[in-house]
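Inspection log for the structure reproduced underneath, given as structure tokens.
Please treat every number below as a calculation from the coordinates, not as lab data. Keep in mind that this is a model prediction, so the values were computed, not measured. Cβ placement follows ideal geometry from the backbone for every residue including glycine, while neighbour counts extend to all protein chains displayed.
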Amino acid sequence: PFCVDMSNSVFAYLYGDQISQTTVYFSNTRGYKFQKFAYERQAELVGSLGGTFYFHSLSQVGLLLIDQGKAWFSYSEHPLNSSFGLPFDYNGTLGILITPGQKGILIFWFEKSLLVSRNS
């Protein structure tokens, strides 16, 4: 993977780490200064961390959880934090495309599938 441009908002985390024990950091200074990102229900979550995303249309953060061939989002704020997003098959190496400055489109692709969220 490579980086062509960078957003002001940056998350840093260890991909694949157990979600209940990992530390996520957040920067709103293009990565010059980071602070710990507090996720209220993190200790209760099961699976590994597949990514951290800010959903502009929802005004909240979603953690991508991966467990036993399935993936889903856990959201940071009420009312979505009371349940998980719809699960989808996690069947291989995941490619993720988020263009800096583009809000509302998230693209995931695998070798045999393509998932697009038109409005996050």
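Rounded, prolate or oblate: which fits the chain when a ≥ b ≥ c are the square roots of the eigenvalues of the alpha-carbon gyration tensor, with rounded for a/c under 1.5 and prolate only if a/b beats b/c? Note, shape of the chain comes out rounded.
Among Ser59, Ser20, what is the fewest-to-most ranking by other Cβ atoms within 10 Å?
On the way: Ser59 10, Ser20 14.
Final ranking by Cβ density, sparse to dense: Ser59, Ser20.
Rounded to the nearest whole Hz, the Karplus-based 3J(HN,Hα) values (6.51 cos²θ - 1.76 cosθ + 1.60, θ = phi - 60°) of region 19-28 follow the sequence 4, 5, 10, 7, 10, 10, 10, 10, 10, 10, with x at glycine and proline. Among Ser59, Asn28, Gly85, whose Cα lies farthest out toward the positive end of the dipole of the chain, if unit charges sit on the beta carbon of Lys, Arg (+1) and Asp, Glu (-1)? Value computed over the given set: Asn28.
Neighbour counts of other C-beta atoms within 10 Å: give me Ile66, Ile105 arranged from fewest to most.
Numbers: Ile66 18, Ile105 14.
Lowest count first: Ile105, Ile66.
Put in order of Cβ neighbour count within 10 Å, fewest first, the listed residues Asp67, Asp89 become Asp89, Asp67.
With only alpha-carbon atoms in the gyration tensor, what are the semi-axes of the equivalent ellipsoid for region 31-97, in Å, largest first?
Working: eigenvalues 77, 48, 32 Å².
Square roots of five times the eigenvalues give 20, 16, 13 Å.
Computed about its Cα centre, the charge dipole of the chain is approximately 280 debye, with only Lys, Arg, Asp and Glu carrying charge at their Cβ. Our analysis of region 1-65 gives Rg over Rh at 0.96, with the two radii drawn from alpha carbon positions and Rh computed by the Kirkwood formula.
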